[in-house]
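Chemist: Input: one structure, supplied below.
The values are calculated or read from the model by the stated rules, or taken from the named source; none is laboratory data. Computed from a predicted model, the values in this text were never measured in an experiment. A quick note on method: Cβ atoms are made from the backbone with ideal geometry, for glycine too, and the neighbour counts reach across all protein chains shown. These accessible areas exclude ligands, DNA and RNA; they are computed on the full protein's heavy atoms, side chains included. Shrake-Rupley method; radii C 1.70, N 1.55, O 1.52, S 1.80 Å.
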Amino acid sequence: MSVFRPNWQALMSLLATLYSLTAVPFTDSMGSGTPLIVVAILLAGALASMLRLSFALEAAVLTLASFGAAAVLIGGLADAFGTASRGYFAALGAAWLLGWRLVTVLSGDGSRGSDGGGGTAIIVPALFGLWVVILWECIVRGAGVPFVLLPPPSAIGLKITNSTSILAADFKQTVLKAVLFGYVVGSLTGFLVAILADRFRFFANGLLPIGNMVSALPMIGIAPVMVIWFGFDWQSKAAVVIVMTFFPMLVNTLAGLAASSDMERDLMRTYGATHWQVLLKLRLQAAMPFIFNALKINSTLALIGAIVAEFFGTPIVGMGFRISTEVGRMNLDMVWAEIAMAAIVGSLFYGALALLERSVTFWHPSYRR
Amino acid sequence: MPETVISAQNLDLTFETNDGPVHALKDITLDIAEGEFVSLIGPSGCGKTTLLRVIADLETPTGGTVSVNGMTPDEARLARAYGYVFQQSALLPWRTIEENVALPLEVMGLDKATRNQRIVSNLELVNLTGFEKKFPWQLSGGMQQRASIARALAVEPAMLLMDEPFGALDEIVRDHLNEQLLKLWAKTKKTVVFVTHSIPEAVFLSTKIVVMSPRPGRIHEIIDCNLGTDRALDIRETPEFLRIAHQVREGLKAGHSYDE
């Protein structure tokens, strides 16, 4: 067995590193010594990863090499906006390829017949996200992309830390008031109306076409109307969210209530169970996967609805208000700070629902263990 | 002479379908006495399951009368006069085995102490002690079906209606469950109506075999079959067993069950 184990990421990384030496210095502020450090780190990482090392050692070497090189490269951008050479980007590409190799190793290499342990489920996406941010930072600053077009993540991060009070006020206005209230009320009424519509069929027959029509209304169209009806404050945004979340919950719950099998319903009938007993003990339980589906759909719809609704008249606070005004003032870092907050809030909301779903519908074939 | 518990007189049932009416049951007259084990046998489409469902008030006949325990099927169902075992176990996947057995008892509104006592005794009856906390999908098909029998028995019904309960199981498991069911029947003395399309199963289990024939579903012949109370599987090689099995097969043949 050879001590060598070549892999294409390391080979490509090696080539890119060597190529980067043809365009030294990398940036105006880097001088000619620092590139050599970067090249040395990258070469060491690429060569080491082609040896037959233990899993932990290879992962450690790759982590150090890829992130070490990236750190030096980011550092070399100070006071050198838009001056990166071909060599800089080649070295960046080489570091990224080592990062790719690291993810491949952590994911089990495809050849070990495993998909890694429980930890990799979090580590691998985190590494991927980190590399997106690193590449974003280096390309935007290295190539001198105008600030208005795309600010670097560091500027967005700085803006977030410098304006926490504004962001907190916007979060409170948009998420804690409009989204939360609208989401709870919209989903709950959708659910209750579904229960009623299921009990009294004529209700469903009359309601579903109307509901269908309401859900087809463009949000852009109803938002200004809601502002006129419910005023400038968060209530009109909550109303938009209610309209948007009501129908997905209604339709999904109705579908879920039909999800139990004929045999299960016959079984309840042989017990002489009442409508409400069948509903509670059988049909609502069987409907849970559908209901959670609606809750997850609604979590994203609610956030979108509340933010967009704030474009149509609002007090001087709120995520949508901030985005629309700061765009007008070319403060794109503030816009991106709001976008980042919306992304984080939306993901956490969705993730919490997905966790809850797992514990409630543990019996469903997709979650069984 | 034991009392008649199920009595069907001139039953007729026609389903209206998109392809026109389907005559599922025609002129069915059948009496079942207390403590009997009656098998309904016949090919697919002969109405054996439909007849069982009429007795259970899961279908309404279009003609004739049925009485169950001296009541209409509707009254008998609400009085929980029978326990019904389906082709599949129909155990609810979000409930453990003991919670599944408790399901009908909760519907009946029994208190927790009674429920627990019935769970324990009925799971013991079907040899599932120790599996109370398991979920249905963690058990084999045979164990699931035994759990569903325990659930039907927990209601403490006067009779058991079983619709091909072992039809989805392999033959070895099926033989084993047939023996267990026979012991259970001897122990509990319940009236059993059992739908099957297996001749050995019908002959092995029954005191009376009702041979049905298709299009329209009707009773072709009723064969008495009493091989004594403690039967073991090897009774299947005895001449008496083979004679009755032959008679059932001849009956099915004469009822055009083997026609294409």
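Chemist: Counting just the residues of the stretch A:331-366 that are open to solvent by 50 Å² or more (accessible area, probe 1.4 Å) and within 14 Å of chain B (Cβ to nearest Cβ), which one comes out farthest from A:Ile307 (Cα to Cα)?
Modeler: Result: A:Pro365.
Chemist: Let me ask you something else. Under 22 Å from the mean Cα position of the chain (by Cα) and not in a loop (DSSP other than H, G, I, E, B): does that describe B:Val120? Show your work before the answer.
Modeler: Values: under 22 Å from the mean Cα position of the chain (by Cα): no; not in a loop (DSSP other than H, G, I, E, B): yes.
It is false that B:Val120 is under 22 Å from the mean Cα position of the chain (by Cα) and not in a loop (DSSP other than H, G, I, E, B).
Chemist: Sort through B:Ala202, B:Ala245 and tell me the only one that's touching a Phe, Trp or Tyr at 6+ places or on another chain (Cβ under 8 Å) and crowded, with 16+ Cβ neighbours inside 10 Å. First the steps, then the outcome.
Modeler: Values: B:Ala245 fails: touching a Phe, Trp or Tyr at 6+ places or on another chain (Cβ under 8 Å).
Going through B:Ala202, B:Ala245 in turn, just one is touching a Phe, Trp or Tyr at 6+ places or on another chain (Cβ under 8 Å) and crowded, with 16+ Cβ neighbours inside 10 Å: B:Ala202.
Chemist: Taking interchain pairs and intrachain pairs at least six residues apart, which have beta carbon atoms under 7 angstrom, with the first residue in the stretch A:215-226 and free of Cβ contacts under 8 Å to residues at least 40 places away in the same chain and assigned to a helix (DSSP H, G or I) and the second aromatic (Phe, Trp, Tyr) and open to solvent by less than 60 Å² (accessible area, probe 1.4 Å)?
Modeler: A:Ser215/A:Phe247
Chemist: Let me ask something else about it. Looking only at residues that are charged (D, E, K, R) and within 14 Å of another protein chain (Cβ to nearest Cβ) in the stretch B:152-186, which one is farthest from B:Val54 (Cα to Cα)?
Modeler: As a first pass, look at the stretch B:152-186 and keep what is charged (D, E, K, R): B:156, B:163-164, B:170-171, B:174-175, B:179, B:183.
Applying the additional criterion that residues be within 14 Å of another protein chain (Cβ to nearest Cβ) yields B:156, B:163-164.
Numbers: B:Glu156: 21, B:Asp163: 12, B:Glu164: 16 Å.
The selected residue is B:Glu156.
Chemist: Being at pLDDT 80 or above and not in a helix (DSSP H, G or I) is the filter here, so list the residues in the stretch A:81-127 that pass it. Spell out the reasoning first.
Modeler: Keep residues of the stretch A:81-127 that are at pLDDT 80 or above, which gives A:81-107, A:122-127.
Correct list: A:Phe81, A:Gly82, A:Thr83, A:Ala84, A:Ser85, A:Ser107.
Residues checked against (1) touching a helix residue (DSSP H, G or I) at 6+ places or on another chain (Cβ under 8 Å); (2) closer than 24 Å to A:Ala69 by Cβ:
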| site | (1), (2) |
| --- | --- |
| A:Arg86 | yes, yes |
| A:Leu97 | yes, yes |
| A:Arg101 | yes, yes |
| A:Gly129 | no, yes |
| A:Pro153 | yes, yes |
| A:Gly157 | no, yes |
| A:Ala169 | no, no |
| A:Leu176 | no, no |
| A:Phe181 | yes, no |
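Chemist: Residue by residue through the stretch B:52-80, note down the ones that are buried (at least 22 other Cβ atoms within 10 Å of the Cβ) and either among the small types (Gly, Ala, Ser) or facing another protein chain (nearest Cβ under 7 Å) (or both).
Modeler: Within the stretch B:52-80, B:Ala56, B:Ala76 meet the criteria.
Chemist: Taking the stretch B:163-196, which residues are touching an Asp or Glu at 6+ places or on another chain (Cβ under 7 Å) and in contact (Cβ under 8 Å) with a residue 60 or more places away in the chain?
Modeler: Matches in the stretch B:163-196: B:Thr191, B:Val195, B:Thr196.
Chemist: May I ask you to say which residue of A:Gly211, A:Gly190, A:Gly186, A:Gly157 is more than 25 Å from the chain's Cα centre (by Cα) and modelled with pLDDT of 90 or more? Talk me through it step by step, then tell me what you get.
Modeler: Numbers: A:Gly211 fails: modelled with pLDDT of 90 or more; A:Gly186 fails: more than 25 Å from the chain's Cα centre (by Cα); A:Gly157 fails: more than 25 Å from the chain's Cα centre (by Cα).
Answer to the selection: A:Gly190.
Chemist: Considering each of A:Arg265, A:Arg283 in turn, give the residue that is open to solvent by 50 Å² or more (accessible area, probe 1.4 Å), touching a residue at least 12 places away in the same chain (Cβ under 8 Å) and not acidic (Asp, Glu). Explain how you work it out, then say what you get.
Modeler: Working: A:Arg283 fails: open to solvent by 50 Å² or more (accessible area, probe 1.4 Å).
Exactly one residue qualifies, and that residue is A:Arg265.
Chemist: Here are some residues: B:Glu36, B:Glu98. Which one is more than 10 Å from chain A (Cβ to nearest Cβ), touching a residue at least 12 places away in the same chain (Cβ under 8 Å), in contact with a Ser or Thr (Cβ under 7 Å, 6 or more places away or on another chain) and over 24 Å from B:Asp170 (Cα atoms)?
Modeler: Numbers: B:Glu98 fails: in contact with a Ser or Thr (Cβ under 7 Å, 6 or more places away or on another chain).
Among B:Glu36, B:Glu98, only B:Glu36 is more than 10 Å from chain A (Cβ to nearest Cβ), touching a residue at least 12 places away in the same chain (Cβ under 8 Å), in contact with a Ser or Thr (Cβ under 7 Å, 6 or more places away or on another chain) and over 24 Å from B:Asp170 (Cα atoms).
Chemist: Among the listed residues B:Gln88, B:Gln9, identify the single one that is away from every other protein chain (no Cβ under 14 Å), in contact (Cβ under 8 Å) with a residue 24 or more places away in the chain and open to solvent by 60 Å² or more (accessible area, probe 1.4 Å).
Modeler: Values: B:Gln88 fails: away from every other protein chain (no Cβ under 14 Å).
After applying the criteria, what remains is B:Gln9.
Chemist: How about the stretch A:234-262: which of its residues are within 14 Å of chain B (Cβ to nearest Cβ) and either small (Gly, Ala, Ser) or in contact (Cβ under 8 Å) with a residue 12 or more places away in the chain (or both)?
Modeler: Within the stretch A:234-262, the subset within 14 Å of chain B (Cβ to nearest Cβ) is A:256, A:259-262.
Result: A:Gly256, A:Ala259, A:Ser260, A:Ser261.
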